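Below: the structure, in structure tokens.
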Amino acid sequence: MRDWTLEELALSFLEAGQFWTHEALLVARENLYGKSRLVVIEGNRRLAALKYLHDALEGKPVSPKWKDIARGAKPPEKLFTKIPYLEVDSREDVEAFLGFRHVTGIKEWNPAEKAQFIAKLIDQRGMSYQEVMRKIGSKTDTVRRNYISYRLLLEIENSVENIPQENFEERFSVMYLSLRTDGVQKYLHIDIQADPERAKTPVPKKHLKALANFALWLFGDDKRPPIFTDSRQVEEFGRILESRKAVEYLERAERPSFDAALSMAGSDEPEILRLIERAADNIELALSQVHFHTDSKKVQIAVERLAKDSNRLLQIFPEIKKHLPREED
């Protein structure tokens with residue numbers, strides 16, 4: 001609960017003087033610890049905020065922030081004794097609602113929680129990808145990739161040592177995105193189209209060494225950080241894993257560099273292409289207006305610089321220069 005942001009909820013309770021009825025908890029009666037109890041299925045964050053606020057007002061704040069919230073506050077009447085809830089017959093009765101609300105709806109769970117919910121429907125309820133898709137209102141490909149990603153995470157937990165599990169949830173979305181790349185799929189020998197039965201163990205046992213490497217590069221360990229942290233580098237990571245030379249470097253280096261591996265994979269070409277295409281686009285835009293500024297000294301200097309740079313490019317690519325059309329005098 002301490003990882004959740006609860007303070008704003010507590011302040012809204014104090015401001016409103018009540019637990020909003022339209023945000024009632026969803027509960028089901030289940031046997032727990034030897035007794036029949038009401039177990040909260042939806043609204044645990046709201047309930048946690050209420051419990052922390054109660055402790056703070058009772059003089060037992062869990063942090064200085066909660067102490068400040070409680071200072072001078074008067075607990076609203078019945079805030080802690082009358083909590084609105086809706087009792088459902090079973091958890092299964094509200095699965096579709098939870099799936100839509102938190103996977104595709106307005107109150108999204110974080111990526112790891114979404115994948116865990118989807119995996120629960122498949123593993124515990126025996127549902128197919130298509131059935132989950134219809135229940136939560138998502139796409140079949142998204143359901144499949146979430147399931148495989150979560151099973152991959154479990155395989156890392158069970159097969160790879162020394163990977164701090166606190167990194168899993170934070171970096172789950174990066175792992176999920178990486179599975180879209182051919183490089184990751186081929187390196188781990190993952191079938192991204194696998195049915196649930198085959199996807200329960202996404203990486204074959206004979207490739208668990210590759211899985212250990214992948215987990216180390218993605219999550220880091222107690223001694224080494226991940227080789228990259230920005231989700232925008234996922235495509236480049238996939239290209240690295242498609243290069244035998246780059247993979248061999250990653251596997252043998254004690255502290256491999258992402259940039260060095262990227263260079264070995266020959267990924268400078270996409271960047272150079274992007275720069276040249278951007279320059280060409282900008283020149284085409286300038287040509288539509290530049291004739292209005294032929295007397296400008298600044299524009300003349302810029303054009304001269306462009307001409308020199310273009311001439312150097314043509315010297316590097318002489319075949320292109322041969323095929324350029326010659327203007328008539």
**OP:** Can you bin segment 269-323 into rounded, prolate or oblate? Criterion: square roots of the alpha carbon gyration tensor eigenvalues sorted a ≥ b ≥ c, rounded for a/c under 1.5, prolate for a/b above b/c, oblate for the rest.
**Re:** prolate
**OP:** Please give the contour-minus-distance gain from Glu166 to Lys297: 0.36 nm per residue of separation, less the Cα-Cα distance, rounded to one decimal in nm.
**Re:** 41.2 nm
**OP:** Quick one: check the C-alpha center-to-center distance for segment 54-72 versus segment 285-322, whole angstrom.
**Re:** 67 Å
**OP:** Could you name the lysines whose alpha carbon sits less than 30 Å from that of Lys298, not counting residues in the same chain fewer than 8 places away?
**Re:** Lys308, Lys321
Original post:
Taking trypsin sites (Lys or Arg not before Pro) as exposed when DSSP calls them loop (any state but H, G, I, E, B) and at most 16 other Cβ atoms lie within 10 Å, what is the longest stretch of the chain free of them, the sites themselves excluded?
Top reply: 224-325
Subject >> Where the Cα pairs of segment 111-266 fall when distances are cut into 10 Å bins, in % >> reply: 11, 42, 34, 12, 2
Original post:
Straight-line reach from Lys209: which lysines have a Cα under 22 Å away, not including same-chain ones fewer than 8 places off?
Top reply: Lys186, Lys200, Lys223, Lys245
Subject >> Coarse-grained scattering of segment 226-298 at q = 0.14, 0.15 Å⁻¹, given as base-10 log I(q)/I(0) from a Debye sum over alpha-carbon atoms >> reply: -0.58, -0.61
Subject >> Cα gyration tensor shape for segment 111-156, rounded if a/c is under 1.5, else prolate or oblate >> reply: prolate
Subject >> Burial ordering of Phe237, Phe228, fewest other beta-carbon atoms within 10 Å first >> reply: Phe228, Phe237
Original post:
Taking other Cβ within 10 Å of each residue's Cβ, how do Glu131, Glu42 sort, fewest first?
Top reply: Glu131, Glu42
**OP:** Could I have the simple spin-label model distance between Ser257 and Asp230, label points 7 Å from Cα toward Cβ, reported in nm to one decimal?
**Re:** 1.6 nm
**OP:** Could you tell me what percent of the DSSP beta bridges with both partners in the chain are antiparallel, to the nearest 5?
**Re:** 65 percent
Original post:
Semi-axes of segment 7-89's equivalent ellipsoid from the Cα gyration tensor, sqrt of 5 times each eigenvalue, largest first, rounded to whole Å?
Top reply: 25, 15, 10
Subject >> Charged-residue dipole, Cβ positions (Lys, Arg, Asp, Glu), the chain about Cα centre, Debye nearest 20 >> reply: 740 debye
Original post:
For the pair Gln315 and Ala279, what calculated FRET efficiency results from E = 1/(1 + (r/R0)^6), where r is the Cβ-Cβ distance and R0 = 25 Å, to the nearest 0.05?
Top reply: 0.90
Original post:
Along the positive direction of the dipole of segment 111-266 (beta-carbon charges: Lys, Arg +1; Asp, Glu -1; about the Cα centre), which of Ala210, His189, Ile163 reaches farthest?
Top reply: His189
Original post:
Given a cut-off of under 8 Å on Cα pairs at least six residues apart, what relative contact order in percent is computed for the chain?
Top reply: 10 percent
Subject >> Helical mean residue ellipticity (222 nm; -39500 (n - 2.57) per DSSP H run of 4+; nearest 500) of the chain >> reply: -16500 deg cm²/dmol
Original post:
Can you work out the FRET efficiency for the pair Lys60 and Arg29, with r the C-beta to C-beta distance and R0 = 30 Å, to the nearest 0.05?
Top reply: 0.50
Original post:
Which lysines have a Cα lying under 16 Å from the Cα of Lys78, excluding residues fewer than 8 positions away in the same chain?
Top reply: Lys51
Subject >> Spin-label pair Lys209/Gln193, simplified geometry with 7 Å Cα→Cβ offset, distance in nm >> reply: 3.0 nm
Original post:
What order do you get for Asp230, Asp141 when you list them from fewest to most C-beta neighbours inside 10 Å?
Top reply: Asp230, Asp141
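No value in this document is a laboratory result; all are computed from the given coordinates. If you're wondering where the values come from, they're calculated on a predicted model, not measured in any experiment. Methodologically, a virtual Cβ is constructed for each residue, glycine included, from the backbone with ideal geometry; neighbour enumeration extends over all protein chains shown.
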